[in-house]
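Inspection log for the structure reproduced underneath, given as structure tokens.
The values are calculated or read from the model by the stated rules, or taken from the named source; none is laboratory data. Keep in mind that what you see is a predicted model, and the values were worked out from it rather than measured. We place every Cβ from the backbone using ideal geometry, glycine too, and count neighbours over all the protein chains shown.
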Amino acid sequence: MLSLDDPKWRGLNGGYKTPYDASVALKRLGRGEDVWDELWEELHHQGDVGEASYAAVPHLVRIGKTLPHRDWNLYALVSCIEVERHRKTNPPLPDWLSAAYTDAMGELLEIGLADLKVANEQFTIWSILAAIALAKGELKLGAFLSMSDEAEVEGILEEFADWPALYE
């Protein structure tokens with residue numbers, strides 16, 4: 001895991017394909033500040049992610065483990081980064097980060113399974129399920145869950161003519 005004090009952060013690109021030092025916001029998140037809007041804005045932009053996005057994942061999971069309450073932001077942002085990491089126009093995961101990133105996804109699986117038991121808010125549940133699918137290597141299912149909303153799922157279900165009769 002790249003230390004938050006490593007100067008390498010200043011040269012890593014974020015979602016705008018320009019340098020973004022995510023360590024500053026991650027330190028603030030670790031102190032309990034609400035910086036989710038900034039992290040969403042800077043680590044992901046219209047399908048683009050960068051090395052700063054990837055390097056942030058182990059820290060997001062590490063910090064997330066310490067939060068007294070985890071909402072959808074942790075799961076949805078990590079899921080978004082993981083899905084977009086596979087887009088051909090985004091850079092590959094650097095070798096120097098691979099082990100920490102993989103370990104973080106495994107830890108996110110464990111956190112998500114525990115949080116799923118107590119989650120009550122729909123978007124948080126969907127975000128956790130997406131993260132679990134992605135952590136298990138189910139890219140298509142994880143992408144579907146992380147990029148769909150209730151209306152889209154209803155539309156898919158409506159394609160089954162007998163859906164209401166069979167299930168409601």
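List of remarks:
- Where a residue in region 41-57 is under 13 Å from P19 (Cβ atoms) and its partner, wherever it lies, is outside any helix (DSSP H, G or I) and among the hydroxyl-bearing types (S, T, Y), with Cβ under 8 Å and at least six apart: E42/Y16; E42/Y20; L43/Y20; G50/Y20; A52/Y20
- Within region 110-133, being small (G, A, S) and either closer than 18 Å to L60 by Cα or assigned to a helix (DSSP H, G or I) (or both) holds for G112, A114, S127, A130, A131, A133.
- Residue in region 98-110 that is buried (at least 21 other Cβ atoms within 10 Å of the Cβ), at pLDDT 95 or above, aliphatic (A, V, I, L, M) and over 15 Å from H44 (Cα atoms) present: yes
- Candidates are the residues of region 71-82 that are among the hydrophobic types (A, V, I, L, M, F, W, C) and more than 12 Å from V57 (Cβ to Cβ); the one that is farthest from the chain's Cα centre (by Cα) is W72.
- Residues (farther than 23 Å from Q122 by Cα and either without any contact (Cβ under 8 Å) to a residue 12 or more places away in the chain or buried (at least 24 other Cβ atoms within 10 Å of the Cβ) (or both)) located in region 58-77: none
- Each residue in region 81-96 was checked for being out of contact with any helix residue (DSSP H, G or I) (no Cβ under 6 Å at 6 or more places or on another chain) and not in a loop (DSSP other than H, G, I, E, B), and 4 of them qualify.
- Any hit, region 46-67, residues being in contact with a His (Cβ under 9 Å, 6 or more places away or on another chain) and closer than 22 Å to L139 by Cβ: yes
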